Amino acid sequence: MACAPTARRLDSAPHTPWEAELRLRFTAGAPRTQLLERLHRGPLRVQRTFHPEGAPCHVYLVHPPGGVAGGDRLTLHAELEPGAHALITTPAATKFYRALPGRRALLEQRLHVRDATLEWLPQEAIYFDAADVATRTRIELQGDARFIGWELSCYGRPACDEPFAHGRIRQSLEVWRDAQPLWLDALRTDGGHPMQRARWGLQGATALGTLAAWPCTPADLEALRHWLDESRPGEDAMPLSPQRALTATGRRSLTLVDGLLLARALGTGAADLRAALLPIWQWLRPRLLRCPAVEPRIWAT
């Protein structure tokens, strides 16, 4: 992978931070879900919606500056009304650049799903060396909500011989149902910390992915495990991406917590995470959402 120069260099001079907010509201229209409300302030927006498979509404979040720098603050609120089905993704990786001391970037995302279906599938976040970032994602499920979502994190740029040796990252991912916590996950990553290589930490990996899906049963978990273990090219019940198998450096685990299916993946980059988690989404989508696994068009560009 070629390494492009950083678009916004911040290690030599301060900049004026960006502040951006985006509010989305989806409603179950006939015959397809509509983006009823789209309010934005600053450089965070949705240009248009897509319906490549009928009823579900595909939305691409766009951040025109191309990356998040120290001191930037981005906020997303999305609400799905009963019967709506939205798939939210991004057109490319989100880059968090190095920051001057005391200039922490903040990304807050709150997703409210009320008797509706949400697929939260942003492409990977890349944390440059010396980045100072806090991300907070809270998914609120209510009633007969259904959810599949992931977060993909890449620490440093190994292909550019740039490890995450300095800086700090604070990540929070929460899933709630009917005002009760299902899963609260907090990760603290300090540049150069022994946790990056420890067996109880990242184990030398430079990328971490987490997928969550609701609602799932023990039977779903066992069937998924069997399918991942036994399926072979040409035998799958649905078309898969070319990266069907994990690479030698990719590692994956599955568990079930109070009806919430959780998958973790470790690897050296985004390709490892997608190889580990994309097949899980492809398997879960027909079973949980009664929809074929139609990937967003933007992923192919």
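General observations
- Looking at Ala99, Ala130, Ala134, just one residue is modelled with pLDDT of 95 or more and not in a strand (DSSP E or B), and that residue is Ala130.
- Search result, residues across the stretch 37-57 that are farther than 12 Å from His77 by Cα, among the aliphatic types (A, V, I, L, M) and not in a loop (DSSP other than H, G, I, E, B): Val46
- Some residue of the stretch 180-188 being small (Gly, Ala, Ser) and in a loop (DSSP other than H, G, I, E, B): no
- Residues of the stretch 72-93 that are farther than 22 Å from Arg32 by Cβ and buried (at least 22 other Cβ atoms within 10 Å of the Cβ): Asp72, Leu74.
- The residue that is nearest to Ala265 (Cα to Cα), among those in the stretch 132-144 that are free of Cβ contacts under 8 Å to residues at least 60 places away in the same chain and out of contact with any Asp or Glu (no Cβ under 7 Å at 6 or more places or on another chain), is Thr135.
- Test: residue in the stretch 104-111 that is farther than 25 Å from Val175 by Cβ, part of a loop (DSSP other than H, G, I, E, B) and touching a strand residue (DSSP E or B) at 6+ places or on another chain (Cβ under 9 Å): no
- Meets criteria (surrounded by fewer than 18 Cβ atoms within 10 Å (Cβ to Cβ) and not in a strand (DSSP E or B)) for Gly66: yes
- Subset tally (residues that are out of contact with any strand residue (DSSP E or B) (no Cβ under 7 Å at 6 or more places or on another chain) and of a type in the set (D, E, K, R)) for the stretch 32-82: 2
- Lone qualifier among Thr16, Thr27 - being part of a loop (DSSP other than H, G, I, E, B) and β-branched (Val, Ile, Thr): Thr16
- Checked against the criterion of being polar (S, T, N, Q), surrounded by fewer than 20 Cβ atoms within 10 Å (Cβ to Cβ) and out of contact with any Lys or Arg (no Cβ under 6 Å at 6 or more places or on another chain), the stretch 47-61 contains one or more residues that satisfy it.
- Residue in the stretch 27-39 that is on the phi > 0 side of the Ramachandran plot and surrounded by 15 or more Cβ atoms within 10 Å (Cβ to Cβ) present: no
A quick yes/no check of all residues on (1) more than 20 Å from Ala265 (Cα to Cα); (2) among the small types (Gly, Ala, Ser):
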| position | (1), (2) |
| --- | --- |
| Arg146 | yes, no |
| Gly149 | no, yes |
| Cys154 | no, no |
| Ala159 | no, yes |
| Ile169 | no, no |
| Ala207 | no, yes |
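- Qualifying residue in the stretch 107-126 (condition: touching a residue at least 40 places away in the same chain (Cβ under 8 Å) and among the aromatic types (Phe, Trp, Tyr)): no
- Counting the residues of the stretch 204-239 that are of a type outside the set (Ser, Thr, Tyr), part of a loop (DSSP other than H, G, I, E, B) and either modelled with pLDDT of 95 or more or surrounded by 16 or more Cβ atoms within 10 Å (Cβ to Cβ) (or both) gives 3.
- Among the candidates Gly201, Gly192, Gly143, residue that is surrounded by fewer than 21 Cβ atoms within 10 Å (Cβ to Cβ), more than 18 Å from the chain's Cα centre (by Cα) and modelled with pLDDT of 95 or more: Gly143
- Subset of the stretch 246-301 that is β-branched (Val, Ile, Thr) and closer than 17 Å to Ala219 by Cα - its residue that is surrounded by the most Cβ atoms within 10 Å (Cβ to Cβ): Ile280
The values are calculated or read from the model by the stated rules, or taken from the named source; none is laboratory data. Please read all numbers here as calculations on a predicted model, not as lab measurements. Ideal geometry is used to build each Cβ from the backbone, glycine not excepted, and the neighbour counts take in all protein chains shown.
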